Structure formats: structure tokens, C-alpha cells
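Notes follow once the structure below has been shown.
The values are calculated or read from the model by the stated rules, or taken from the named source; none is laboratory data. Remember, predicted model here, so these are calculated numbers, not experimental data. Neighbour counts are summed over all protein chains in view; Cβ atoms, including those assigned to glycine, are modelled from backbone coordinates with ideal geometry.
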Amino acid sequence: MSIVGITSITADPKAPAAIGATLGRYGLRALGGSWQTTADKVQAVDWRPMVDAFVAQRAALWLVLADAASMADPALRYGLNLMASSLRAALGAGLPIAVLRAAEAGKVSSSSSPLLLPAQLRDAQLLDADATWPAKVVARVHRPRAAVQPAPDLLTVHGNDQLGQWFELAPGEGSWPGLVFAVAGAGASIDFQATGPRGGLPEKAVIAYGQQGLKLESAGKAFTGWALRNEVGATEGGPVSYYARVRGRPEALLWMPYTEDDDAQATLLSLD
């Protein structure tokens, strides 16, 4: 039976159970529940247990239940962006994502108030809470995934109250001779970096030619970055990732392989 991961950010605590019961009648098993957060909690990666549960059960689709008010919350939007990136890193870039627009009290239809989707969910399938949404979810779950070439970079997030918020980054294919990683946004900063085996924070690391306080600009945003020259990716010793501890709630991330050239191609990820 295919698994659908459910994340409800509405105020209705009964919504996940109702959605799960409906999906069950269509031969799908629901996993997940309600998720509410604050600026402090989301920076302590409070959403990570839900992502880990979806990954452990190899969810075939991620379904977000939202309304206009909940989707406008900056902390929820930030967390949803990180959840999307982390799920795709673990379950594949082609993981289907759908947003079910919750019916709003006093509205003629659930589409009366448009949803402003977070940046990393803007390619999600948008569903209205009508009689057709379960069949659309079933069809999306069973639709063959399109091949993604080349493999995208892998970005996920680890952490908790004690460890803080750690971004893990690695190329989808091959390796980089080093890495520049930067954040943009008021109050956002990097305060530690390391490399280590993929999938978890390293206990120790030796930094090669570490740099701090790099100033970059892209898409009209000012970034502050750190860099190192450790090999990252598919190395002779196994898969190696880059790790950076980030304070605050960045509005965008930028990274690129380390190079001495001025015209290096960078990747920009919006978290608005």
C-alpha cells in the first residue's frame, strides 16, 4: 500500500485524521499529522521528526493541507521550504508534492482566498477540497516519475534545540574540490562549517583553507558566505557532505563549487 505523508498547517486538529480516512478508502495509507511552529521552534528543526517518518516509510507523495492564513505565516513557510528540500534529497527530486486547500468557514468555495505558496512548493499540484481531490491524489501517486537529469544537488537540514540548525549539502553527481556556501536575510549568519560522511553531523573535521565573511550578490540579494577546499561529493573514501550551522532564518541560500575564477556558476535557493 502506497504511503502519503500528510502535513497539516491549519488550525483544525481533526483534519489529518479525516484526510487519512478518505485516502484509506482509495487504497492509500496516510502518515503524519498537524504541524504548527514558531520562529524559535522552526530554527530548532522541529519539523525534522515528521520528515524522518516520511522517509522511513518511503512516502510516495507529500500532501500539505493549508489555508490562506496558515500559509502566510513566515515560520511555517520557511519550515515547508526546508521540508520540501529535505524530502527531495532523501526520496528523489521527482517526489510528488500536492497542496490541498482547506475549505474556509464562510467562504463559498475553498478557492475564495488564494494561497501564496512557499518558493519550494510552487511546482506543487494545487487541489481544492471538493469531491475530486482524492482521485487526483491517487492518480498522482501512481503516475510514473519523469527522469531528472542531471541529478540535482542534495540539500537537507539536521538539528535540534541543542545542536542548532545545520544545512547539509553535496553535489548530486561527482565531486567538488571545495565549496562556497552563503546566506541572505536579516539576522541570518553562518557560525560553523565542516565536512564529513553523508547523512549525519560529523564528530570531527579538518578544514582545508577555510574562509569566512565572504560578500556576494545575486538576484538583488546580499549574501554572506563561508568557504573551504575540502573535497565534497563522491570521494575515494565514500560520500562526503558539507555541513554549515546557520543562525536565524535565511531568506535565500547560495552555493557553488570552490574556484579561483570570477565567473563561477552559483545555485540560488529561495526560502521565502
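Couple of notes before you dig in:
- Strands (runs of 3 or more DSSP E) completely within region 162-251 that count 1 or more residues being acidic (Asp, Glu) and within 27 Å of Ala93 (Cβ to Cβ): 164-170
- In region 214-237, the qualifying residues are those that are under 25 Å from the mean Cα position of the chain (by Cα) and of a type in the set (Gly, Ala, Ser), and the one that is surrounded by the most Cβ atoms within 10 Å (Cβ to Cβ) is Gly225.
- Complete set of residues in region 49-75 that are surrounded by fewer than 23 Cβ atoms within 10 Å (Cβ to Cβ) and either farther than 27 Å from Ala135 by Cβ or aromatic (Phe, Trp, Tyr) (or both): Pro49, Asp52, Ala56, Ala69, Ala72, Asp73, Pro74, Ala75
- Unmet criterion (only one of (1) more than 19 Å from Gln120 (Cβ to Cβ); (2) surrounded by 17 or more Cβ atoms within 10 Å (Cβ to Cβ); (3) in contact (Cβ under 8 Å) with a residue 60 or more places away in the chain) for Glu251: (1)
One line per residue, one yes/no per condition, for (1) at positive phi; (2) hydroxyl-bearing (Ser, Thr, Tyr); (3) out of contact with any Ser or Thr (no Cβ under 9 Å at 6 or more places or on another chain):
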position	(1), (2), (3)
Val141	no, no, no
Pro144	no, no, yes
Ala151	no, no, yes
Gly159	yes, no, yes
Gly172	no, no, yes
Phe181	no, no, yes
Ala184	no, no, no
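This table checks each residue for (1) among the β-branched types (Val, Ile, Thr); (2) farther than 16 Å from Gln36 by Cβ; (3) touching a residue at least 60 places away in the same chain (Cβ under 8 Å); (4) part of a helix (DSSP H, G or I).
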position: Asp46; (1), (2), (3), (4): no, no, no, no
position: Met50; (1), (2), (3), (4): no, no, no, yes
position: Arg58; (1), (2), (3), (4): no, yes, no, no
position: Val64; (1), (2), (3), (4): yes, no, yes, no
position: Leu76; (1), (2), (3), (4): no, no, yes, yes
position: Leu80; (1), (2), (3), (4): no, no, yes, yes
position: Ser86; (1), (2), (3), (4): no, yes, yes, yes
position: Leu95; (1), (2), (3), (4): no, yes, no, no
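- Each residue in region 242-267 was checked for being of a type outside the set (Asp, Glu), more than 25 Å from Val206 (Cα to Cα) and in contact with a Gly (Cβ under 8 Å, 6 or more places away or on another chain), and 4 pass.
- Residue that is nearest to Trp47 (Cα to Cα) [pool: residues in region 1-37 that are in a helix (DSSP H, G or I), touching a strand residue (DSSP E or B) at 6+ places or on another chain (Cβ under 7 Å) and touching a residue at least 40 places away in the same chain (Cβ under 8 Å)]: Pro16
- Some residue of region 138-150 being in a loop (DSSP other than H, G, I, E, B), of a type in the set (Lys, Arg) and at pLDDT below 95: yes
- Test: residue in region 255-266 that is among the hydroxyl-bearing types (Ser, Thr, Tyr), touching a residue at least 12 places away in the same chain (Cβ under 8 Å) and not in a loop (DSSP other than H, G, I, E, B): no
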